[in-house]
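Have a look at the structure below before the remarks.
The values are calculated or read from the model by the stated rules, or taken from the named source; none is laboratory data. These numbers were taken from a predicted model, which means no experiment stands behind them. Note that each Cβ is placed from the backbone with ideal geometry, even for glycine, and that neighbours are counted across all protein chains shown. Each accessible area value is taken on the protein alone, full model and side chains, heavy atoms only, with ligands, DNA and RNA left out. Shrake-Rupley method; radii C 1.70, N 1.55, O 1.52, S 1.80 Å.
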Number of protein chains: 2
Amino acid sequence: MAIKSMHDLLVDSVKDIYYAEKQVLKTMPRMIKKISSNNVKKAFEQHSKETEKQIARLEKVFKELNMTPKAKKCPAIDGIIQEGKEVMDEISDPNVMDAAVIGFAQKIEHYEITSYGTARTFANHLGMNKLASLLQNTLDEEYATDDKLTQMAQSEVNVEAVEASA
Amino acid sequence: MAIKSMHDLLVDSVKDIYYAEKQVLKTMPRMIKKISSNNVKKAFEQHSKETEKQIARLEKVFKELNMTPKAKKCPAIDGIIQEGKEVMDEISDPNVMDAAVIGFAQKIEHYEITSYGTARTFANHLGMNKLASLLQNTLDEEYATDDKLTQMAQSEVNVEAVEASA
């Protein structure tokens with residue numbers, strides 16, 4: 001599909017995010033399996049459920065666009081996931097692993113933050129307020145998740161890993 | 001290289017960012033060429049110069065680590081760049097293009113924000129304060145660039161594109 005208008009660019013962005021969210025949902029069990037800290041594991045399990053709701057919300061976005069939900073292959077999220085998996089495969093120490101998995105999750109979150117933020121801005125300019133509001137809801141959730149991950153990275157996980165590997 | 005400690009994870013992260021910055025610097029002329037708005041073009045040219053300084057700063061980070069600068073192939077930034085190029089190739093309208101190039105640049109910025117943020121946190125926990133401070137300097141610059149891009153996306157560019165494509 002050629003992108004001829006801002007509306008086309010918005011549709012392209014939504015298809016990209018839909019693909020990304022589905023790939024992330026498929027990857028989360030592999031990430032959760034690698035985590036040792038119970039707190040971190042719980043946070044990831046909770047975020048996995050939230051991701052399912054975010055996918056359902058994207059299906060509402062497609063409805064607002066009068067379209068059947070359709071994913072578009074997104075090399076960016078594929079690359080982020082490939083890189084995260086490669087790093088996880090190089091680690092055996094459980095505390096270093098937790099720090100790495102949190103870093104991996106934050107790369108995913110930031111990709112989602114910028115994708116939802118950009119699509120929300122496109123929708124606002126097109127005057128599609130309901131659609132913009134749906135995207136904003138998820139954007140708020142992604143920011144909250146990223147903050148939680150930053151807190152976990154700064155508090156329990158890395159300190160343990162430093163001690164374990166010192 | 002197996003990652004056995006937090007120090008190894010920090011080194012791995014720095015090599016990843018070094019590769020990413022170099023790939024971004026190589027891609028920027030192609031992005032700048034596609035931009036129509038003079039303001040946006042100027043901002044990108046300025047950021048290209050800033051990226052050169054950030055690469056030089058990473059070389060100081062390697063010095064702090066007593067290492068020769070070395071890049072590690074980073075599938076995440078490769079995927080982000082591939083996706084941005086693919087989207088640019090689908091667009092001919094100059095205003096839609098400007099909106100898309102800004103969105104592409106923000107995906108790069110957010111990747112860099114999370115990479116520098118994570119590496120800075122690792123350095124802090126390892127007590128490597130000078131190194132953490134170098135990474136924090138670039139992190140602050142990346143946040144400022146992202147804010148500038150958000151302002152451009154919300155003000156001049158997209159509105160023009162909506163009007164042009166309505």
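Within region B:58-71, not a single residue is within 14 Å of chain A (Cβ to nearest Cβ), open to solvent by 10 Å² or more (accessible area, probe 1.4 Å) and either closer than 19 Å to A:I3 by Cα or touching a Leu at 6+ places or on another chain (Cβ under 9 Å) (or both).
Look at (1) of a type in the set (G, A, S); (2) open to solvent by 20 Å² or more (accessible area, probe 1.4 Å); (3) in a helix (DSSP H, G or I) and you find that A:A119 fails only one, number (2).
What's the number of the condition A:A2 fails, among (1) open to solvent by 60 Å² or more (accessible area, probe 1.4 Å); (2) modelled with pLDDT under 95? Against the list (1) open to solvent by 60 Å² or more (accessible area, probe 1.4 Å); (2) modelled with pLDDT under 95, A:A2 comes up short only on (1). Open to solvent by less than 10 Å² (accessible area, probe 1.4 Å) and over 17 Å from B:R57 (Cα atoms): is that true of B:I91 in this structure? Here the answer is no, as B:I91 does not meet what is asked. For B:E21, the test of being touching a Leu at 6+ places or on another chain (Cβ under 7 Å), surrounded by 15 or more Cβ atoms within 10 Å (Cβ to Cβ), under 30 Å from A:K15 (Cα atoms) and of a type in the set (D, E) is passed.
The residue that is surrounded by the most Cβ atoms within 10 Å (Cβ to Cβ), counting only those in region B:138-157 that are among the β-branched types (V, I, T) and under 14 Å from the mean Cα position of the chain (by Cα), is B:T138. Please enumerate the residues belonging to region B:92-132 that are within 7 Å of another protein chain (Cβ to nearest Cβ) and in contact (Cβ under 8 Å) with a residue 40 or more places away in the chain. Result: B:D93, B:V96, B:A99, B:G103, B:Q106, B:Y111, B:T118, B:F122, B:H125, B:L126.
I'd like to know if region A:55-72 contains one or more residues that are among the charged types (D, E, K, R), assigned to a loop (DSSP other than H, G, I, E, B) and touching a residue at least 12 places away in the same chain (Cβ under 8 Å). Scanning region A:55-72 turns up at least one residue that is among the charged types (D, E, K, R), assigned to a loop (DSSP other than H, G, I, E, B) and touching a residue at least 12 places away in the same chain (Cβ under 8 Å).
As a summary of the residue check, B:N95 satisfies the conditions (1) in a loop (DSSP other than H, G, I, E, B); (2) of a type outside the set (D, E, K, R); (3) at pLDDT below 95 except for the one numbered (1). Against the list (1) within 14 Å of chain B (Cβ to nearest Cβ); (2) surrounded by 22 or more Cβ atoms within 10 Å (Cβ to Cβ), the condition A:H47 fails is (1).
The single condition from (1) among the small types (G, A, S); (2) open to solvent by less than 50 Å² (accessible area, probe 1.4 Å); (3) more than 24 Å from B:H110 (Cβ to Cβ) that A:S36 fails is (2).
With respect to being open to solvent by 10 Å² or more (accessible area, probe 1.4 Å), in contact with a helix residue (DSSP H, G or I) (Cβ under 9 Å, 6 or more places away or on another chain) and farther than 21 Å from B:D140 by Cβ, B:K41 fits the description. Name the residues in region B:1-24 that are without any contact (Cβ under 8 Å) to a residue 60 or more places away in the chain and either of a type in the set (A, V, I, L, M) or facing chain A (nearest Cβ under 7 Å) (or both), would you? Those that are without any contact (Cβ under 8 Å) to a residue 60 or more places away in the chain and either of a type in the set (A, V, I, L, M) or facing chain A (nearest Cβ under 7 Å) (or both): B:M1, B:A2, B:I3, B:K4, B:S5, B:V11. The criterion of being more than 9 Å from chain A (Cβ to nearest Cβ), in a helix (DSSP H, G or I), open to solvent by less than 50 Å² (accessible area, probe 1.4 Å) and over 30 Å from B:H7 (Cβ atoms) does not hold for B:L135. The conditions of being in a helix (DSSP H, G or I), within 12 Å of another protein chain (Cβ to nearest Cβ) and closer than 30 Å to B:F122 by Cβ are not met by A:I32.
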